[in-house]
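Derivation of every value follows stated rules applied to the coordinates shown; laboratory data play no part. In this text the structure is predicted, and so the values were computed from the model without any measurement.
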Amino acid sequence: MQAILVIHNLLRWAVVLFGVWTLINGLTGYFGKRSFTANDNRSNLFFMISCDIQLLVGLILYFNNGWFARLKDLGNNMKDPYTRFFTMEHLTMMLVAWVLVHVGRATVKKAGTDVAKHKKMLIFFGLAIILILASIPWPFREAIARPLFRTS
């Protein structure tokens, strides 16, 4: 499972990079009033794919590392910030972000005008990247800290 955890850690950077790329495309497209290009479509497609892969790896970790089993004693686990984060908060916020990315991609594809597409990119992918960044166990978050790059 340690190798899966390393992969999950490294994939986080793909999700963050593709999310930021998508957000920058949305910002420059909306405020620059430029047309929706293949690059815009590609960025949010790669963001969605990276989120999908990360979700699959994360679910493998969730069900095989004992986090799911800890839900049986939910009352006591909610008192420990580390356990609460990994059994409930991380999973819930990342799932909401994943849904936002998928709904956002479908909504952007259906939007009529280029301005509407960029606006929807900003709304859906912006909310998703905020949730993703808030849900990552960054090294500066004392109770739940994880390294930036895990090697083992």
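Taking θ as phi - 60° and the Karplus parameters 6.51, -1.76 and 1.60, the scalar couplings of the range 42-47 work out to 5, 4, 6, 5, 5, 4 Hz in sequence order, x denoting glycine and proline. Partner aspartates and glutamates whose Cα lies under 18 Å from the Cα of residue 79, excluding those fewer than 8 positions away in the same chain, are identified as 89, 142. Across the range 2-144, the mean sequence separation of Cα contacts (distance under 8 Å, 6 or more residues apart), normalised by length, yields a relative contact order of 31 percent. With respect to the chain, whose longest principal axis is taken over its alpha-carbon atoms, helix 2-32 is tilted by about 30°. Listed by chain and number, the lysines placed with their C-alpha closer than 29 angstrom to that of residue 120 are 33, 109, 110; residues fewer than eight positions away on the same chain are left out.
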